[in-house]
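Report on one structure; see the data block that follows.
Readers should treat all values here as calculations from the given coordinates under stated rules, not as data from a laboratory. Only a predicted model underlies this, so the values are computations on that prediction, with no experimental measurement involved. Cβ atoms come from the backbone with ideal geometry, glycine included; neighbour counts cover every protein chain shown.
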Amino acid sequence: MKTEIASLGEFGLIDRLTRDFTAKNPSTVLGPGDDAAVVDAGDKYLLITTELLLEGIHFDLVYTPLTHLGYKTVVAGISDIYAMNGSPKQLTVAVGVSAKFSVEMLEDLYKGVRIACDQYGVDLVGGDTSASLTGLAIGVTAVGEADKDKIVYRSGAGVHDLICVTGDLGAAYMGLKLLEREKIALRGTENPQPQFKGYEYILQRQLKPEARRDVIESLAELKLVPTAMMDITDGLASEILHICKASRKGARIYLNRLPIAKETFAMAEEMHIDPVVAALNGGEDYELVFTVPLDKREEAMNIPGVDIIGHITEESKGAALTTPDGQEIALQAPGWPRAEI
């Protein structure tokens, strides 16, 4: 009997695929189960992570400029390195290309890769190319390093730790919804003129996101090492559940503390979408969610753009969103096809 992927859920799929793998080399510190694999490289830990972006699943070339896509590809890779409190150093990019692509189009894609590499001080050191029958596929492997006493895993959150988040949430999702709306509205139009005025912010968050190197640098300046951390690519709810599972803890997130930009609220209202749902499950924000001990509250609040949105609880209490009137709503992850090993 065949098992439907969706029936396992995100965590179940990851566990099923990786359950029979065991480390054979003493240099393997951590395999599947975090934002990046960890390898002992002597004085430091080597961090390795891979992202796969597929046309029709992760991007639509109708409204995604190839240069922006190249930039976003790099951000997708290096954000995982930052989520381990590390520094990205190198990356490789592999592409599967269908016959509809010209050399010039691929040059536009790699222009975006180059701009991002320059922006974040990362070297492109290799990759691969292949023919594809199903559109564009991009695989990026990012390599970085972290001090052994400063690396941060998903598994270190403790009871009463504060849950912090950078930036704002849901903007990338609402940017995607706007792009999809205009695509449908203008389908078949000879000279399409999409209506984007006033929504530049959410479009930028979707098409050209940034990794939060600035926050990692601020943590280092404050000598503050989070107890757990992840980047927000699958939505805040999913990442909180990852931290809870790895740390064997529960969590309480307060609805009225979720940072949501006014542009996100405006677009959500226009499209009759709950902005809280966008913030919790939208994904692709590339912000960071991290936990710190209660006595580090002041240091965390000194980091620009960081909000404290909740706290870690005993595992038995589960993970929930608390509304202003005291109701608790269990957090749920969107799951497949966003599962990340």
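Quick look at the values:
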| read-out | value |
| --- | --- |
| Answer residue from segment 304-329, given it is under 20 Å from the mean Cα position of the chain (by Cα) and surrounded by fewer than 20 Cβ atoms within 10 Å (Cβ to Cβ) and is farthest from L241 (Cα to Cα) among those | P304 |
| Residue in segment 82-96 that is surrounded by 15 or more Cβ atoms within 10 Å (Cβ to Cβ), over 30 Å from A220 (Cβ atoms) and free of Cβ contacts under 8 Å to residues at least 40 places away in the same chain present | no |
| Meets criteria (β-branched (V, I, T), closer than 13 Å to T166 by Cα, in contact (Cβ under 8 Å) with a residue 12 or more places away in the chain and surrounded by fewer than 23 Cβ atoms within 10 Å (Cβ to Cβ)) for I260 | yes |
| Strands (runs of 3 or more DSSP E) contained in segment 88-172 and holding at least 2 residues within 30 Å of I273 (Cβ to Cβ) | 137-147, 162-166 |
| Those residues of segment 218-239 which are under 15 Å from T291 (Cβ atoms), in a helix (DSSP H, G or I) and over 10 Å from the mean Cα position of the chain (by Cα), in sequence order | L219 |
| Cβ pairs under 7 Å, 6+ apart, first in segment 182-200 and assigned to a helix (DSSP H, G or I), second β-branched (V, I, T) | K183/V62 |
| Within segment 97-117, tally of residues that are among the aromatic types (F, W, Y) and either within 18 Å of the chain's Cα centre (by Cα) or surrounded by fewer than 16 Cβ atoms within 10 Å (Cβ to Cβ) (or both) | 0 |
| Filter result (under 21 Å from F59 (Cβ atoms) and among the aromatic types (F, W, Y)) within segment 100-156 | F101, Y110, Y120 |
